[in-house]
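Shown next, in structure tokens, is the structure this report addresses.
Read-outs: derived from the displayed coordinates by stated rules, not from any lab. Because the structure is predicted, anything quoted here is derived from the model rather than measured. Cβ coordinates were reconstructed from backbone atoms using ideal geometry, including for glycine residues, and neighbour counts include every protein chain displayed.
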Ligand code: IPM
Ligand code: MG
């Protein structure tokens, strides 16, 4: 089959990790007789440098005319001034909003061969960590009205957390659907003891739960959830939460797996359209050195095959190849430990390709 993919290599290590991923996808094309038609477009810092705009209109158009978007990473110290008018992060928010990618899946999976990398005690990790964080991605305080104003000689700023029933319902449904494929447990995280928007969130999630009697639902406040995640991560199966709480919780969830360089993500919209990117950032400190870990981007491509192209077998083949490489002891610097074999970005890509 033929598929149209928009590719955004972005900044820092983005281009290196995307190149390895394209290599892996070529092997899939060969083995399964598919054709991925790539269109390379700019976003982030490199787009600011070349066009003055972190998200050129052309990029959005190419993405809209594709079936999926593969993204490396955006941002870096060169553009890292929070009060600057144009910033690379605007590209991310613009892509999410502009492509209506309201559902962000961030699986936090502890790969058995990388157990030692987790900062948590063995007794807490038990037989492993496998949490699926479902973050609402186009609503809430990141998209609500915001303003900085001057009243007399005081400055006042505000941002608005706002959710509608339909926004909560569609993300909750996805969380329950995912839970049905997993361990049938959903934890909804909010701050319903304070926030009106959270009370609505909680009510709507509970309503959606009525349609999924087999799934156990519980609610946690965000402050308690951050604590529970390090105290007893095995209590979680699927976590569903708002844009900001999901931003925070997904970073924490990735940290306890010990290998942020390993974790993929999918941002999904309607009709199987999605954007796929590693959770890690552009890692400017190691960019261009050929030592970055390409596995999170390779695993993101596997999610692309699964969710946008419905190629479950091909997705599994990539994931199994990655696990095999780890079991055989190959490691990039970020996940290196004693007795393992250090590899470069390119070698890691080749190792995965050879196991497909
Ligand atoms: C993420 C990032 C982004 C976010 C930033 C870079 C805008 O932290 O994808 O989690 O806050 O969503
Ligand atoms: Mg974040």
For residue 193 and residue 170, compute 0.36 nm times the residue count separating them, minus their Cα-Cα distance, and round to one decimal in nm.
6.0 nm
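Fully extended, how many nm does the chain gain between residue 316 and residue 226 (0.36 nm per residue separation, minus their Cα-Cα distance)?
Numbers: separation 90, 0.36 × 90 = 32.40 nm, distance 3.09 nm.
Net length gain for the segment: 29.3 nm.
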In whole Å, how far is the Cα centre of the stretch 174-238 from that of the stretch 251-313?
24 Å
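Treat the chain as a sphere of radius equal to its Kirkwood radius over Cα pairs and apply Stokes-Einstein at 25 °C in a medium of 0.890 mPa s; give the translational diffusion coefficient in µm²/s, rounded to a whole number.
Working: Rh = 21.0 Å.
So the translational diffusion coefficient is about 117 µm²/s.
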With runs of 4+ DSSP H residues as the only contributors, calculate the mean residue ellipticity of the chain at 222 nm using -39,500 (n - 2.57) per run, divided by the residue total and rounded to the nearest 500.
-12500 deg cm²/dmol
Using DSSP, restrict attention to beta bridges with both residues in the stretch 119-256 and report what percent are antiparallel, rounded to the nearest 5.
30 percent
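Before anything else, pin down the relative contact order of the stretch 119-256: Cα pairs under 8 Å, at least 6 apart, normalised by residue count, whole percent. Before the final figure, lay out the partial values.
On the way: 214 pairs, mean separation 51.4, N = 138.
So the answer I get is 37 percent.
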Residue separation times 0.36 nm, minus the C-alpha to C-alpha distance between residue 346 and residue 234: what's the value?
36.9 nm
At 7 Å along Cα-to-Cβ for each site, give me the label-to-label distance between residue 210 and residue 31 in nm.
4.6 nm
Relative contact order (%) - the stretch 198-356, alpha-carbon pairs under 8 angstrom, separation at least six
16 percent
Bins of 5 Å, beginning at zero and ending with the bin holding the largest distance: percent of Cα pairs per bin for the stretch 187-303, please.
2, 9, 16, 18, 18, 16, 11, 5, 2, 2, 0
Mean shadow area of the stretch 75-149, taken as a quarter of the surface of its Cα convex hull (nm²)
8.1 nm²
Counting pairs of alpha carbon atoms under 8 Å apart in space and at least six apart in sequence, what relative contact order in percent does the chain give?
22 percent
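So if R0 is 25 Å, what FRET efficiency would residue 151 and residue 85 give, r being the distance between their Cβ atoms, rounded to the nearest 0.05? Could the numbers behind the result be given before it?
Numbers: r = 23 Å, r/R0 = 0.92.
Here the calculated transfer efficiency is 0.60.
What's the ranking of 231-238, 79-86, 127-134 by average number of surrounding C-beta atoms within 10 Å, highest first? Kindly include the intermediate steps, with their values, before the conclusion.
Values: 231-238: 17.6, 79-86: 10.6, 127-134: 20.2.
Top to bottom by mean Cβ count within 10 Å: 127-134, 231-238, 79-86.
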